[in-house]
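Every read-out reported here was derived from the displayed coordinates using simple, explicitly stated rules and does not represent laboratory data. Since we're looking at a predicted model, the values are computed, not measured. Quick reminder, even Gly has a Cβ in these numbers, built from the backbone with ideal geometry, and neighbours come from all protein chains shown.
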Amino acid sequence: MSIRAHIDAVYDEVRRRNPGEAEFHQAAAEVLHSLTPALERHPEYAEPGFLERLCEPERQLIFRVPWVDDQGVVRVNRGFRVEFNSALGPYKGGLRFHPSVNLGIVKFLGFEQIFKNALTGLGIGGGKGGSDFDPKGRSDAEVMRFCQSFMTELYRHLGEHTDVPAGDIGVGAREIGYLFGQYKRITNRYEAGVLTGKPVGWGGSHARTEATGYGAVYFAQEMLATRGESFDGRRVVVSGSGNVAVYAVEKVHALGGRVVACSDSSGYLVDDNGIDLDLLKDVKEVRRARLSAYAEARPGAVFSARGTLYDVPCDVALPCATQNELRREDAVSLVKNGVRAVAEGANMPCTPEAVEVFRDAGVLFGPGKAANAGGVATSALEMQQNAARDTWTFDQTESRLATIMRTVHTECRTTADTYAADPDDYVLGANVAGFLRVAEAMTAQGVI
Ligand code: NDP
């Protein structure tokens, strides 16, 4: 069987064994179909059973999360943790609390995480988890009770050498605090390295909050530099207005660019004078309000509940909200308006059809597993600090982050050049570079 036919057969089997998990199919298709040149050079990874092992999580946990709301009503959510691959280290990947969460979404995120974590060059395996719990509109007490119930089930599967969750959509410092408290209470251990994304005052790392957004901008900066360009004076749109988006905005401004639009799940905002970061943080991080509150407070800013921010002319687009939010028609509109580079701060925000449009138009495209790897890389730095009972300064940590992002960028380009004679093919470069690192470790560790 040819390598192409083998990959197609593995993909068909993934679809058959995981029915209805559209996002997982999409992520698996993207990785598997870019591996042909790697398998041609390394036929040992095309042996029967190898790719099949890679596509099957080592462990999948689904559990009931009952909790009591402020009115005394019992609520029941579903919790997930997919421990996908531990060839390179303990499972590592965030927890997402959002009503859309299901097993297929957690599997897609866990699968992506394997290659992303490998790309960082740090010793971390791939995993992901979450719940269909919606923290929006819930009181702090309700969020605490939910987190305590969630951890009461999950704690037995975690450990600083076993599985180390972090935040993701809907899970920030508040949730990490409640989860950590319950873990400590149940296990009677102050195991700081069991969760990352902790506040700096008690085991968190400086620059972890900023890391994913900053890292995505560093990655985009490196991409632009390959064409002798920079952020200076550039118009930028950033989708989302959560953790990743806010710090992407901050770093773009620091590099001389101007973010003119951002969004949330209620709509998008255009502020041609450049997003006022203090106001954005106040609205989204302090008040946890809708973006329309920003427009009400800022003359000249316009909020729209309909339409898309990808129609706003820009030089660089940084999708930082959620999966499949940037579709073919959005990509066409961005290209028409002259976009130069797109770097994914979120996981898989661009549909395959959108990526195709960017590729055909020669737009630089940085896939999430490379461009947003700064978050998990800094989580691994947090684990290092916890293990050494040490605290690094902000500058020290940010400088490690910047170096890691530069290295990831270079590795994507050199791998793409070596395997496809096209250094601009960051998708192939990221997938193959991550895959080779994981595949070597899996082979050395035997059939497990
Ligand atoms: P947050 O919960 O902090 O923010 C998510 C943002 O996206 C919010 O502004 C939210 O709007 C918006 N959003 C969510 N769903 C939709 C939707 N369907 N349509 C439009 N907007 C939406 O999450 P993060 O910033 O942490 O995560 C964003 C993305 O980055 C995710 O894909 C995540 O997996 C990825 N990522 C995050 C990392 C991290 O370190 N946090 C690391 C690597 C990747 P609203 O405010 O209305 O809810």
For the chain, what's the relative contact order in percent, using C-alpha pairs closer than 8 Å and at least 6 residues apart?
15
Within a 10 angstrom radius of the beta carbon, how do PHE146, PHE231, PHE394 rank from fewest other beta carbons to most?
PHE394, PHE231, PHE146
Please get the size of the charge dipole for the stretch 1-125, origin at its Cα centre, with Cβ charges of +1 on Lys and Arg and -1 on Asp and Glu, quoted in debye to the nearest 20.
360
Assigned charges on the beta-carbon of Lys, Arg, Asp, Glu; the stretch 152-261 dipole about Cα centre (debye):
200
List SER292, SER2, SER263, SER34 from most exposed to least, where exposure is judged by having the fewest other Cβ atoms within 10 Å.
SER2, SER292, SER34, SER263
Sites ASP272 and GLU47 - FRET efficiency at Förster radius 51 Å, r taken between beta-carbons, to 0.05
0.35
Taking amide H positions as placed 1.01 Å from N in the peptide plane, with prolines and chain starts having none, which residues 5 or more places from GLY366, or on another chain, fall under 5 Å of its amide H?
VAL342, ALA343, GLU344
Calculate the spin-label point distance for ARG328 paired with ALA225, positioning each point 7 Å from the Cα along the beta-carbon direction, and give it in nanometres.
3.6
Using the Kyte-Doolittle scale, find the helices of the chain whose mean hydropathy is at least 1.0 and whose Cα atoms extend 24 Å or more along the helix's long axis, counting only whole DSSP H runs.
426-444
Using a cut-off of 15 Å between beta-carbons, work out the net charge of the residues near ARG145 (Lys and Arg +1, Asp and Glu -1, ARG145 not included).
-2
Out of GLY345, MET383, ALA331 - ranked by how far each Cα lies towards the positive end of the dipole of the stretch 317-385, with unit charges on the beta-carbon of charged residues - the top one is ALA331
Restraint check, LYS107/LYS336; LYS107/LYS281; LYS92/LYS184; LYS136/LYS281; LYS136/LYS198; LYS107/LYS198, Cα-Cα greater than 28 Å:
LYS107/LYS336; LYS107/LYS281
Percent of Cα-Cα distances greater than 18 Å, calculated over the stretch 86-157:
47
Selected from LEU318, LEU279, LEU364 as most flexible by GNM, with the chain as the system and alpha-carbon contacts under 10 Å:
LEU279
Per residue of the chain, what 222 nm ellipticity follows from adding -39500 (n - 2.57) for every DSSP H run with n ≥ 4, rounded to the nearest 500?
-15000 deg cm²/dmol
Rg ratio (alpha-carbon, reference 2.2 N^0.38 Å) - the chain
0.93
Whole Å is fine, so just give me how far the alpha carbon centre of the stretch 246-270 lies from that of the stretch 110-146.
23
Computed over the stretch 27-162, the relative contact order (Cα-Cα under 8 Å, seq sep at least six) in percent reads 25
Dipole magnitude of the chain about its Cα centre (Cβ charges: Lys, Arg +1; Asp, Glu -1), debye to nearest 20
1000
Could you state the number of Å between the C-alpha centres of the stretch 1-61 and the stretch 295-364?
29
